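Here the structure is laid out as structure tokens; the discussion comes afterwards.
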Amino acid sequence: MNDDDAMAKALGLAREAAEAGEVPVGAVLLSSEGKVLAADRNRILEGKDPTAHAEMLVIRGGAASLGNERLIGTTLFVTLEPCTMCAGAIAMARIARVVFAAADPKGGAIVSGVRFFDQPTCHHRPVVENGPGAEEASKLLKDFFRARRN
């Protein structure tokens, strides 16, 4: 699976999240060979679990799929810039590459906010790329929160 296909899958999962009343974020974890190890969406409300971010769920799923807590050589595709919790989990899992669609100036922790991977206490720094789908991911989020305010 290539980058465009992986992000398209993540965006589809984000749409599913919105339809379920969750913040529309989707994520896909690929092996170094491009095989889908895990794909999921936010499930915070569904699971009554504040840690059930799409990224956390695919990290757990990927670790289970590989039978290893280290996700060496993997790439995480996510529709929104990861928060501090997710950035910490990405570093702990040793994910090689993170590709996100939309930046999150309020809650993001990679290119926004605390810039987690730039901190001297961060022991693993993945390659970070702003990937395809930013416009669609931003629109999903804006539409979701606009509807919530009305």
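The values are calculated or read from the model by the stated rules, or taken from the named source; none is laboratory data. These numbers were taken from a predicted model, which means no experiment stands behind them. We place every Cβ from the backbone using ideal geometry, glycine too, and count neighbours over all the protein chains shown. Side chains are part of the model used for accessible areas, which takes the heavy atoms of the whole protein and leaves out ligands, DNA and RNA. Shrake-Rupley method; radii C 1.70, N 1.55, O 1.52, S 1.80 Å.
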Check your understanding: Is there a residue in the stretch 39-52 that is touching a Cys at 6+ places or on another chain (Cβ under 7 Å), without any contact (Cβ under 8 Å) to a residue 40 or more places away in the chain and under 16 Å from PRO82 (Cβ atoms)?
Key -> no
Those strands (runs of 3 or more DSSP E) completely within the stretch 25-80 that have 3 or more residues that are open to solvent by 10 Å² or more (accessible area, probe 1.4 Å) are 36-41
Of the residues in the stretch 1-12 that are out of contact with any helix residue (DSSP H, G or I) (no Cβ under 7 Å at 6 or more places or on another chain) and among the aliphatic types (A, V, I, L, M), the one that is most open to solvent (accessible area, probe 1.4 Å) is MET1
By residue number, the members of the stretch 94-142 that are in a helix (DSSP H, G or I), in contact (Cβ under 8 Å) with a residue 60 or more places away in the chain and surrounded by fewer than 21 Cβ atoms within 10 Å (Cβ to Cβ) are GLU136, LEU141
